[in-house]
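Only one structure is covered here, and it is reproduced in the block below.
The values are calculated or read from the model by the stated rules, or taken from the named source; none is laboratory data. Not measured: the values here are computed from a predicted model. Virtual Cβ from ideal backbone geometry, glycine too; neighbours counted across all protein chains shown. Surface areas here come from the heavy atoms of the whole protein model, side chains and all, with no ligands, DNA or RNA. Shrake-Rupley method; radii C 1.70, N 1.55, O 1.52, S 1.80 Å.
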Amino acid sequence: MNIYEALNTVSWKKKEYFLWKHNLSVLREVPLTEEELCKKIKSQSLSYMHKWEKTDQYHYFVNLYIESQAGKDLEELYAIAKEKASVGDEKGIKLLLDLHKQVQAYNKQANKGKPSTNTYDELELE
């Protein structure tokens, strides 16, 4: 489940607040001010949202958000490691190889138990 799907399980006000707080609104270039957000969610203040931030539910959403950012961070690290490795930097080469291993291990774990999409996987070559 991604953060957007998870946020569909809470009230629209909490969803709007979370999107605003973490700058996740994809259609808005200029972020709303706190006053504009209060008008949008028809509230005089965000005090009850600040209380919500202390709940397990809010922390769950934050963890999902951080997890979604990890993929982007990994992509950036990969690009940096690849650049350094291409010029012969030993640490860059080692990091790139380590990233390859970690991605392969993750993909292997993520695909575990999923049905194969290749109809020829079960055939044995002689």
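Quick notes on this one:
- Under the condition of being hydrophobic (A, V, I, L, M, F, W, C) and more than 22 Å from the chain's Cα centre (by Cα), the residues counted in region 96-117 number 1.
- Every residue from region 10-40 that is closer than 21 Å to Y60 by Cβ and either open to solvent by 60 Å² or more (accessible area, probe 1.4 Å) or in contact (Cβ under 8 Å) with a residue 24 or more places away in the chain (or both): V10, W12, K13, K14, E16, Y17, F18, W20, K21, H22, N23, L24
- Unique residue being modelled with pLDDT of 90 or more, among the hydrophobic types (A, V, I, L, M, F, W, C) and within 17 Å of the chain's Cα centre (by Cα) when the list is I93, I80, I66: I66
- Flag if I3 is more than 20 Å from the chain's Cα centre (by Cα) and surrounded by 14 or more Cβ atoms within 10 Å (Cβ to Cβ): no
- The criterion of being surrounded by 13 or more Cβ atoms within 10 Å (Cβ to Cβ) and more than 30 Å from S25 (Cβ to Cβ) holds for A85.
- Contact map, region 49-65: first residue within 12 Å of Y17 (Cβ to Cβ) and assigned to a helix (DSSP H, G or I), second residue modelled with pLDDT of 95 or more and basic (K, R), Cβ cut-off under 7 Å, separation 6 or more or different chains; pairs are W52/K14.
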